[in-house]
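Asks: Next up is a structure, given as structure tokens.
The values are calculated or read from the model by the stated rules, or taken from the named source; none is laboratory data. Everything quoted here is computed from the prediction, not taken from an experiment. Every residue, glycine as well, gets a Cβ built from its backbone with ideal geometry; the counts of neighbours run over all protein chains shown. Quick note on the areas: whole protein, heavy atoms, side chains included, nothing else; ligands and nucleic acids left out. Shrake-Rupley method; radii C 1.70, N 1.55, O 1.52, S 1.80 Å.
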Amino acid sequence: MKLEKIWPGNLPGYCNIPSGEQWIRLEKLNLFIGPNNSGKSRLLRFLFSAPQNKMQLGVGEAFQEASGKLGNIFDIIKSGSRILDFDCHEFMAIYNGDCKDSGALVGSIDSLLKLLSDASNHNMHVMGGHNSHLFNDIRHHAQARYPGSAMEAFSSLRNQVNALKKHYIPILRGMRPLGDGTDLFYERTVKDYFPLAKESELEIITGFDLYKLLAQFLLGQPSERERVRSYEKILGDEFFGGAEVTLIPQYGKDTVAVKIGDDEQFSIYDLGDGLQQVIIITSAAYLERERSIFFVEEPESCLHPGLLRKLALFLLNHTGHQYIATTHSNHLLDLAESHKDVLIHRVTKKNTSDGNSFNIQECTKDREILADLGVRASSIYLANSTIWIEGITDRLYLKVIMRKYLDSISDGSRKIMLEGFLENYHYAFVEYQGGTLGHWGFDDDDDTTERLNASRLCSDAFLIADGDILSKSQRAKNLAEELKDRFHLLPGKEIENLLPISVVFEAAKRIFERKKSNTTAGLNIDDLSKILTVNLAKSSHGIGYHLDKAFGLKGKGKLERRVFADESGTIKDKVKFCKQAIEVMAEIEWELTSDMVSLCENIYSHVALKNQ
């Protein structure tokens, strides 16, 4: 069950923007961002500590999935208002995503289950009552096709609502022993923030209980021991460069030791503060077997920005829980650009005549939040390396090719290292146009020419040039002398020539089938198969030329008939063809060519060198 919306029953002073939505929309990872004293931590604690039966939840998607098993019964409910004691309007409000307290959610489900049970009971007789004729209609469908799967789905949903677990990870957390062995972080957190709550109802994670947690799993069932081993494996791969990591509850000490690779084991509190924070959060999340919602205060505490991003990706990729976190870090914001299950909420404090009020506004991709975090252009560093490419299609193809290359690597440690390189952090793409390449200079020591100095604009450049540059005077030779290992000349006319021939053939077929009849008149699609015998990678002609040649056309020329080629023989409508080719590459089996492998190895060698 995924929570889509949440709101505590009694939250004075807070309002949502737009005002018509008195709830907070949720994805898997949800970030509360705002300046100090904006109210975001207070909001987090309200959400965590709200009584279970007063917590308002939106579970529309899960409710809709269960309702899909009702068949015709759902249509009857949808058109009704009340069927005996069952409130159709309440049911449909939940179905449509309204936020309801958990008591109302469970009550509506229980009422539906009773209705279905009564309708399936041959001995049940109804005399009068609200819309008893609708009950008889439901009975007809229920007895004709017993709605067991629907009842099972709704029963499971009810149990998940009732068993919803909440965990709070406060800013006061750590693994260094304090005092006489009691959890002083826990005691301080309860005293400051939850003095009226029953401690038995509070799941607060400070890192103090890691020994107990590990001992419980390692002394438990085989599946529990295996879960710890799995956690240690992922921990080593994601945060320790692929080294083997072992967490050891030390007998008689009530502390945890850690062993990394071939190093001697040592007490975990001697580990770096940032990695202690990582283990506190990831161990609690990964070893929690029941679907939960975690409320985390400032996960960036003590973490390098790169490590913080890895922590967020661990939670997204290796756990099934949902997370709400407060943060002052701008380094998590770009996750919302690339991950649909990351959501950002901006919390602001307003002074009004009635006192302070707090606004909550969903603001994913809103640049104003950078100002709230104090981020200015001068505080943002460039990527550590850049890859220069001739245009947008080069970038789109390279993303697919580089991903395929990573998937093909069998060396575990190298694969982990290369997969850790992040676009726009470890490297970034720079697009140039072939006609403007001569305007750029790549010799860092040459300040005498009138060319633009690339090193003054961006980080160390690795330049990929189309093979047709060889026909342009001394340009290829000059670039090779200036860039040396940072220059890669494609063997064919352009990057499209690197595509596997099967991909070019299938993409061309699909595009040809969509072309207008006056364009394809007199041509036979089967002739496209002639392209399969052409060595595109080393050809000085574009793939448009070869595709048209397969039809018996000239392949280039302003006055000649063409289908796929432009005047020069390169592919016409490059972006359209690129998108079609990428779609094909996602659907059919294809292998990296030797030229693709060579290009990827050169790119990653450069990125690795510049990120040592």
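Asks: Quick one: is S267 small (G, A, S) and within 30 Å of L43 (Cα to Cα)?
Replies: For S267, the condition - small (G, A, S) and within 30 Å of L43 (Cα to Cα) - is not met.
Asks: Cβ-Cβ distance below 9 Å, separation of 6 or more or different chains: which pairs start in the stretch 248-277 with a residue that is assigned to a loop (DSSP other than H, G, I, E, B) and end on one that is acidic (D, E)?
Replies: Partner pairs satisfying both residue conditions: G261/E244; D262/E244.
Asks: When the residues of the stretch 22-59 are narrowed to those that are in a strand (DSSP E or B) and aliphatic (A, V, I, L, M), which ends up surrounded by the fewest Cβ atoms within 10 Å (Cβ to Cβ)?
Replies: Of everything passing the filter in the stretch 22-59, L57 is surrounded by the fewest Cβ atoms within 10 Å (Cβ to Cβ).
Asks: Across the stretch 559-570, what is the number of residues that are surrounded by fewer than 23 Cβ atoms within 10 Å (Cβ to Cβ) and within 18 Å of D468 (Cβ to Cβ)?
Replies: 4
Asks: Moving on to the next point. Find the residue count for the stretch 518-542, including only residues that are under 39 Å from the mean Cα position of the chain (by Cα) and open to solvent by 90 Å² or more (accessible area, probe 1.4 Å).
Replies: So the answer is 2.
Yes/no matrix, rows are residues, columns are (1) open to solvent by 10 Å² or more (accessible area, probe 1.4 Å); (2) in contact (Cβ under 8 Å) with a residue 60 or more places away in the chain; (3) among the aliphatic types (A, V, I, L, M):
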position	(1), (2), (3)
V296	no, yes, yes
K310	yes, yes, no
L316	yes, yes, yes
G320	yes, no, no
N330	yes, no, no
D341	yes, yes, no
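Asks: From G207, G241, G236, G220, which residue is surrounded by fewer than 18 Cβ atoms within 10 Å (Cβ to Cβ), in contact (Cβ under 8 Å) with a residue 12 or more places away in the chain and out of contact with any Phe, Trp or Tyr (no Cβ under 7 Å at 6 or more places or on another chain)?
Replies: Residue meeting the stated conditions: G241.
Asks: Cβ-Cβ below 9 Å, separation at least six or inter-chain, first residue in the stretch 63-79 and on the phi > 0 side of the Ramachandran plot, second assigned to a helix (DSSP H, G or I) and open to solvent by 10 Å² or more (accessible area, probe 1.4 Å): which pairs?
Replies: G71/H141
Asks: Please find, among P195, P170, P222, the residue that is on the phi < 0 side of the Ramachandran plot and under 28 Å from the mean Cα position of the chain (by Cα).
Replies: Checking each option against the conditions leaves just P170.
Asks: Of the conditions (1) open to solvent by less than 30 Å² (accessible area, probe 1.4 Å); (2) touching a His at 6+ places or on another chain (Cβ under 9 Å); (3) not β-branched (V, I, T), K556 fails just one. Which one is it?
Replies: (1)
Asks: Please state which of the following conditions Y397 fails to meet, knowing it meets all the rest: (1) modelled with pLDDT under 90; (2) in contact with a Cys (Cβ under 9 Å, 6 or more places away or on another chain); (3) closer than 18 Å to N497 by Cα.
Replies: In the conditions (1) modelled with pLDDT under 90; (2) in contact with a Cys (Cβ under 9 Å, 6 or more places away or on another chain); (3) closer than 18 Å to N497 by Cα, Y397 misses (1) alone.
Asks: Please determine whether any residue of the stretch 197-204 is at pLDDT 90 or above, under 30 Å from F48 (Cα atoms) and part of a loop (DSSP other than H, G, I, E, B).
Replies: Yes, that holds for at least one residue.
Asks: Something else now. Just give me the residues in the stretch 557-575 being over 12 Å from G544 (Cβ atoms) and in contact (Cβ under 8 Å) with a residue 60 or more places away in the chain, in sequence order.
Replies: Passing the criteria: only V575.
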